[in-house]
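**Student:** Quick one: the structure is below, and I'll ask about it shortly.
Where a number appears in this text, it was derived from the coordinates with a stated rule and is not lab data. Model, not experiment: these values are computed from the prediction. Cβ atoms come from the backbone with ideal geometry, glycine included; neighbour counts cover every protein chain shown.
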Amino acid sequence: MFKWHFISGLGGIFHRNTYGLENISSRFGLSSLEPLANSITITIRVEGLPKEETFSYIEQRISRCGNNNSVFTKNALALTHQASGGIMRNINTIAHAAMLNAYMKKSVQVEAEHVKAVIERHIDN
């Protein structure tokens, strides 16, 4: 009932125990197509936030880190919203990269130029 698989790699030998794997599959009624069924993805369309909510979202996330000062200029916020389409994941990515860009340039605020640089770099890749 024990099956040992030895895999060499990374300069060493690794083993894994697959005790009763065949019985578990049949006991739970899993077919040989189960891995395929687990790899099917679902696409969901998410509506973006309106402009003012994007601004609030960014400012709230920054304030939760303990900073109540205005980090992004209004132009930087507007450009972030436009480039992200109001999608939170995109907002986070752009805002984070823009803050790093501003930090590297020793700027105390994230300006539109910092956001533009992020967008241009992203489009080029």
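**Student:** What FRET efficiency would be calculated for the residue pair Ser56, Leu100, taking the C-beta separation as r and a Förster radius of 22 Å, to the nearest 0.05?
**Tutor:** In this case the efficiency is close to 0.50.
**Student:** If amide hydrogens are placed 1.01 Å from N in the peptide plane, which non-local residues have theirs closer than 5 Å to the one on Phe72?
**Tutor:** Placed amide hydrogens put Val110 under 5 Å from Phe72.
**Student:** I need the calculated FRET efficiency for the pair Val108 and Arg45, taking r as the beta carbon distance and R₀ as 35 Å, to the nearest 0.05.
**Tutor:** Working: r = 38 Å, r/R0 = 1.09.
Computed FRET efficiency for Val108 and Arg45 comes out at 0.35.
**Student:** Quick check: net charge around Lys51, other residues with Cβ under 14 Å of its Cβ, Lys/Arg +1 and Asp/Glu -1?
**Tutor:** -3
**Student:** Given H placed on each backbone N at 1.01 Å, which residues far from Ser107 in sequence or on other chains put an amide H within less than 5 Å of it?
**Tutor:** none
**Student:** Within the set of other residues whose C-beta is less than 11 Å from the C-beta of Thr80, count the net charge using Lys and Arg as +1 and Asp and Glu as -1.
**Tutor:** +3
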